[in-house]
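Below is one structure, written out as structure tokens; the observations come after it.
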Amino acid sequence: MAAAGAARSRFVVVGGGIAGVTCAEKLATDFPSEDIFLITASPVIKAVTNFKQVSKTLEEFDVEEQPSSLLEKRYPNIRVIQSGVKQLKSDEHKVLTEDGKEYIYEKLCLCAGAKPKLILEGNPYVLGIRDTDSAEAFQKNLAQAERIVVVGNGGIALELVYEIQGCEVIWAIKDKAIGNTFFDAGAAEFLIPKLTAEDRETPIECKRTKYTMEGSDEKERPVAAPDKPGSALGPDWHEGLDLKGTKEFSHKVHIEILCEVKKIHSQQEFLQLQQTSLTFPKEEKDAEPDEVLWPVYVELTNGKIYGCNFIVSATGVVPNVKPFLDGNDFAVGEDGGLKVDKHMHTSLPDTYAAGDICTASWEPSPVWHQMRLWTQARQMGWYAAKCMAADTLGEPIEMDFCFELFAHVTKFFNYKVVVLGKYNAQGLGLDHELMLRCTKGQEYVKVVMQNGRMMGAVLIGETDLEETFENLILNQMDLSAYGEDLLNPDIDIEDYFD
């Protein structure tokens, strides 16, 4: 028997990020006479704006943080419930929120995102960067910083290191080359000169999120509590943040490759160690012992110790599944996400999941893979809503075309970056070859070929090749006859394959 105060809805969505909001919007449009409940812990939601389908599979959009009242205004049948989830009782089809209320659903979609994987929890000198609130905390700390250590090698670490000025940056990466999630060593080499360039060209006009910062609309912007998972940052999260340290020079980055953090020492612990820490390495010379006393010290697995003002942990995310596991028998993937089948269905009846919280467990197309990115969160949220609708109405549903080909467009170091298919030869084994074309400072084009067919590509710069390559990967045409000419800049490849 439901508690007297339990509210009922045909559809309940948990999570105010891109996946959850997209899912709720689609359900609200498809079922105008139903109330859609959107349960979110944060006072702001993330909305997709300026959506543009650039090609069959590539899409661009801006992401805006908005007060949830705006969403309710646009969709009068969405009810936003601002509270964290305390427990899911899936056998009773019931969600209990932290404010003591109960919601009974027919179909539920979990879109609670992911949390930053901190190298060390609870240390005031270790900052995780994932959402707008932690980005602000980071900016405050940076204003007083002379040296920081950045740990991690994904998109956020890459952008961060590029943007920071007037502060020494020691960048510890576990790979041989920077940006391993998006690039291979060649692309990294192409980008590195940009890291050390002293004079920055004026950035290309930036077309995505603008986060309001203190002083602008401070009154209107609610702030999530520090321990609550905030919303994930988008590709231009550093816009409007003034990332400057205390020093007068612009750029100083030293990369320590093939290493991880072994231990973090407080100043006191470091003094007891009686070890030497190092100064910032100068050109061609090894680092000298450091005379300065720093608030915190990082010991790397390669034996080096550096002191710094603080450490930025940009080491990826863990799906935020904890509130839902208790008492529910979810199948969980190796990466900790809730396993979903090709209809975004979890292993529990009437329970779906989308975005960073889920792990795609269907047999994927040979040129698609899951990556916890905004584009996929939007696509999954939208598709999950379609699947919930089809199930409700007893209709069949086709797998969405966006899962045919992995496709993502973003910006790094002011270059446009497009990644398609198995762009890093993911899962292809040794049986593949790479073709490259590179014009220093202008463009970098790499294609991954297998048995004469294109399986993936990385395009950096304004190459205008994305649609052609998208088609070649999708139609799996045999290109062996073209050989190296495939990337010959004097041959207009689009003419061949329109």
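The values are calculated or read from the model by the stated rules, or taken from the named source; none is laboratory data. If you're wondering where the values come from, they're calculated on a predicted model, not measured in any experiment. A quick note on method: Cβ atoms are made from the backbone with ideal geometry, for glycine too, and the neighbour counts reach across all protein chains shown. Keep in mind that these areas ignore ligands, DNA and RNA; they rest on the heavy atoms of the full protein, side chains included. Shrake-Rupley method; radii C 1.70, N 1.55, O 1.52, S 1.80 Å.
At a Förster radius of 22 Å, what calculated FRET efficiency corresponds to the Cβ-Cβ distance of Leu258 and Ser55, to the nearest 0.05?
Here the calculated transfer efficiency is 0.05.
On the protein heavy atoms, probe 1.4 angstrom, tell me the percent of accessible surface of segment 414-496 carried by carbon and sulfur.
45 percent
Using Cα centres only, tell me the gap between segment 14-86 and segment 132-187 in whole Å.
Here the two parts' Cα centres lie 30 Å apart.
Which residues among segment 453-473 fall inside the zone where the amide N is under 15 Å from a point 7 Å beyond the Cα of Glu189, along Cα→Cβ?
No residue qualifies, since no backbone N sits under 15 Å from the label point.
Please compute the modelled spin-label separation between Gln144 and Gln267, points set 7 Å along Cα→Cβ, answer in nm with one decimal.
Reported label-point gap for Gln267 and Gln144 is 1.1 nm.
Per residue, how much accessible area does segment 1-105 show when a 1.4 Å probe rolls over the protein heavy atoms, in square angstrom?
43 Å²
What is the dipole size for segment 414-496, taken about its Cα centre, with +1 at each Lys and Arg Cβ and -1 at each Asp and Glu Cβ, in debye to the nearest 20?
480 debye
If a paramagnetic tag sat 7 Å from the Cα of His343 along the Cα-Cβ line, which residues of segment 367-406 would have the backbone N under 14 Å from that point?
Backbone N within reach: 384-400.
Which distance in nm do the two modelled labels at Tyr482 and Ala137 give, with both placed 7 Å along the Cα-to-Cβ direction?
So the two model labels end up 4.9 nm from each other.
Can you pull the Kirkwood radius for segment 1-111, inverse mean 1/r over Cα pairs, to one decimal in Å?
14.5 Å
Quick one: length gained pulling Lys416 to Gln87 fully straight, 0.36 nm per residue minus the C-alpha distance?
On the way: separation 329, 0.36 × 329 = 118.44 nm, distance 4.25 nm.
Result for the pair: 114.2 nm of gain on full extension.
Give me the net charge of Ala185's neighbourhood, meaning all other residues with Cβ under 12 Å from the Cβ of Ala185; Lys, Arg count +1, Asp, Glu -1.
Spelling it out: positives minus negatives among the neighbours equals -1.
Ignoring ligands, DNA and RNA, please state the percent of accessible area on segment 277-402 from carbon and sulfur, probe 1.4 Å. Please list the in-between numbers first.
Values: 2890 of 5560 Å².
In segment 277-402, the share of accessible area belonging to carbon and sulfur is 52 percent.
Any chance you could check the Cα centroid distance between segment 359-406 and segment 306-333 for me, in angstrom?
23 Å
Tell me the per residue accessible area of segment 393-498 using a 1.4 Å probe; a whole number in Å² is fine.
Accessible area per residue, segment 393-498: 48 Å².
So how compact is segment 414-496: Cα radius of gyration and Dmax in angstrom?
12.0, 35
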